[in-house]
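Please treat every number below as a calculation from the coordinates, not as lab data. Predicted model only: the values in this text are computed from it and were never measured. Note that we place each Cβ from the backbone using ideal geometry, even for glycine, and neighbour counts take in every protein chain shown.
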Number of protein chains: 2
Amino acid sequence: MPQQDTPPRRRLSRALVAREAITLADQDGLGALSMRSLATRLGVVPMALYKHVADKSDLIDRMVDVIVESYSEPKHSAGWRQKVRARALSAREAILAHPWLGQAIDTRTKRSETVLAHMNAVAGDFIEGGVSPDLTHYAMHTLGNRIWGYSPEAFADVDAPTAADAHTPEIYAYMSNRFPYVVAIAMDAASRSPSHSCEQQSEFEFTLDLILEAVERLHLANWVSRPIEA
Amino acid sequence: MPQQDTPPRRRLSRALVAREAITLADQDGLGALSMRSLATRLGVVPMALYKHVADKSDLIDRMVDVIVESYSEPKHSAGWRQKVRARALSAREAILAHPWLGQAIDTRTKRSETVLAHMNAVAGDFIEGGVSPDLTHYAMHTLGNRIWGYSPEAFADVDAPTAADAHTPEIYAYMSNRFPYVVAIAMDAASRSPSHSCEQQSEFEFTLDLILEAVERLHLANWVSRPIEA
DNA sequence: ACCTGAACACCGTTCAAGT
DNA sequence: ACCTGAACACCGTTCAAGT
């Protein structure tokens, strides 16, 4: 009788769908990931996926979440600089393992709980280490993609969306409890620039000048990456 | 008689197609740009576009080229740091005017002449200012998206593709002539890391540590973005 | 030389129906 | 509760044909 050599055909679940999508993207790239190709791979009709995932964007959000949840925690005893460094290197490992991740993050528009938790953890490393929310804010913008191992603008506004989302007291209370460092940064930024005016330009120039100044310093110190081989 | 109130209906050309695509993306976003929607806007059948553009990817390349060609040149008398700064700010203006540009750049896979010329110009600012090709290389990786006003990995390998492309003497000669600074960087990098091994990791850590060190310095100096308003 | 019509092989997603 | 079938409104692109 048939019992063909078809895919596993386990029972579907939100987690299984996301994991299989990750495997597909790892193998064939994000361009090859369609609801239809994923369904085929799961031995199921495309529509079956919509019971477990709202739409394709929701699917990609879940894929990113699964990867970000795998980032490792830095040692509790380390200083803020070492902690942030360790998180960035952990995120980078994920990018190397899943080359599509940068592209996926770049197209995201909503911040999931998982993504907010990661941002909050990075912010916490700085702030618990004594760095001001103000400087932490700018530092995180400068780190940009390095926080995710890649990518910039998924992250572009640590503050704006948070502040906008927190318009009701209930949501504000929840956010403060769950993502205290992110909220601390948002509140600090709001107090400095209530109209949110020029802040993005100021962030851009902060990073630009930080880099150029650091490069100039290295230039004057005759920096080399490594000696030329003989 | 008809003579309806349809779009202009000028004669198509490569430049006109690109310009109209830019207008469409400015108005409705890159997601709304399809060969079909663009054709409709030009009062033409979709297939007509393929006489002027190889495919959709080629179209987006041209759109990016048109914008990058509009970047302004820094004053000749300025120092390298001011020149690079001015180029980054000019690119940023373009991003503000064309919000889809970052996303478009991120999905590019080929470097056009225009894009190489821009990279070469930035590299030239550094190198003519006395900065070594080695440090220029790392500095440009660190600046990343800021060189385009945004975006990271379109730019990720200043060197690898150049080196790979230059496998024939003719192409090497052409590249050396047209993009001398880009080639200088590629040659320098190849001499330091012939196998191209670990170089990406080294670039990542260079930037990460440059930022963290600069942030630490600012922290110790009690940096603030601007005083809190009363 | 430039544009068109019809067609192919895809998409994501809705809705009503099956089990 | 979970999956299916048929259908809708889209894509990019090829190819042969028109002017």
Farthest toward the dipole's positive end in the protein assembly as shown, which of B:23, B:135, A:211, given Cβ charges of +1 (Lys, Arg) and -1 (Asp, Glu) about the Cα centre?
B:23
Using θ = phi - 60° and the Karplus form 6.51 cos²θ - 1.76 cosθ + 1.60, what ³J(HN,Hα) does each residue of the range A:38-53 get, whole Hz, x for Gly and Pro?
5, 4, 4, 4, 8, x, 9, 7, x, 5, 4, 5, 6, 6, 10, 8
Taking a label point 7 Å from Cα toward Cβ, how far is residue A:112 from its twins in the other copies, in nm, shortest first?
3.6
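Go ahead and run the numbers for FRET between residue B:113 and residue A:11, Cβ-Cβ distance against an R0 of 60 Å, rounding to 0.05. Could the numbers behind the result be given before it?
On the way: r = 54 Å, r/R0 = 0.90.
Once the sixth-power term is evaluated, E becomes 0.65.
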Out of B:52, B:98, B:219, a Gaussian network model of chain B with alpha-carbon springs under 10 Å gives the largest mean-square fluctuation to B:219
Can you give me the long-range amide H partners of residue B:100? Hydrogens built in the peptide plane at 1.01 Å from N, cutoff under 5 Å, separation of 5 or more residues or another chain.
none
Using the Cα gyration tensor of the protein assembly as shown, with a ≥ b ≥ c the square roots of its eigenvalues, what is the shape: rounded (a/c below 1.5), prolate (a/b larger than b/c) or oblate (neither)?
rounded
Env charge @ residue A:28, Cβ radius under 14 Å, K,R +1 / D,E -1, value 0
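Among A:56/A:110; A:110/B:110; A:51/A:110; B:56/B:110, which pairs are too far apart, with a Cα-Cα distance over 24 Å?
Values: A:56/A:110 13 Å; A:110/B:110 30 Å; A:51/A:110 21 Å; B:56/B:110 13 Å.
Exceeds cut-off: A:110/B:110.
What's the magnitude of the charge dipole for the range B:14-65 around its Cα centre, counting Lys and Arg as +1 and Asp and Glu as -1 at the beta-carbon? Answer in Debye, nearest 20. Write out the running numbers ahead of the final one.
On the way: 7 positive and 7 negative charges, 42 e Å.
For this selection, approximately 200 debye.
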Label point distance in nm, residue A:171-residue B:66, each placed 7 Å from Cα along Cα→Cβ:
3.8 nm
Test item: Cα-centred dipole of chain A, Lys/Arg +1 and Asp/Glu -1 on Cβ, debye
1040 debye
In nm, the gap between the two label points placed 7 Å beyond Cα toward Cβ at residue B:198 and residue B:78 is 3.8 nm
I need the inter-copy label distances for residue B:195: point set 7 Å along Cα to C-beta, values in nm with one decimal, smallest first.
5.8
Quick one: with label points 7 Å out along Cα→Cβ, list the inter-copy distances for residue B:180 in nm, shortest first?
6.0
Once Rh is set to the Kirkwood radius over Cα pairs, what Stokes-Einstein translational diffusion coefficient, in µm²/s, holds for chain B at a temperature of 4 °C and a viscosity of 1.567 mPa s?
65 µm²/s
The range B:25-62 and the range A:83-112: distance between their alpha carbon centers, rounded to Å
32 Å
Computed, not fitted: 222 nm per-residue ellipticity of the protein assembly as shown from DSSP H runs ≥ 4 (each -39500 (n - 2.57)), nearest 500, equal to -19000 deg cm²/dmol
Among B:36, B:108, B:62, which one shows the biggest mean-square fluctuation in a GNM of chain B, springs joining Cα atoms closer than 10 Å?
B:36
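In whole percent, what relative contact order does chain B give with Cα contacts below 8 Å and a gap of six or more residues? All intermediate terms of the calculation are to be shown ahead of the outcome.
Working: 208 pairs, mean separation 36.3, N = 230.
About 16 percent, as a whole number.
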Under a 10 Å cutoff between Cα atoms, tell me which one of B:121, B:139, B:78 has the largest fluctuation in the Gaussian network model of chain B.
B:78
Excluding residues fewer than 8 places away in the same chain, name every one of the lysines whose C-alpha is closer than 16 Å to that of residue B:75.
B:83
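Magnitude of the Cβ-charge dipole of the protein assembly as shown, K/R +1 and D/E -1, about the Cα centre, nearest 20 debye?
Working: 48 positive and 58 negative charges, 244 e Å.
I would put it at about 1180 debye.
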If you take each beta carbon of peptide A:81-88 and count the beta carbons of other chains within 10 angstrom, what is the mean?
3
From the residues B:126, B:45, B:94, which one has its Cα farthest along the dipole of chain B in the positive direction, the dipole being from +1 and -1 charges on Cβ of Lys/Arg and Asp/Glu about the Cα centre?
B:45
By the Cα gyration tensor axes a ≥ b ≥ c (a/c under 1.5 gives rounded; else a/b larger than b/c gives prolate, otherwise oblate), the shape of the range A:14-65 is oblate
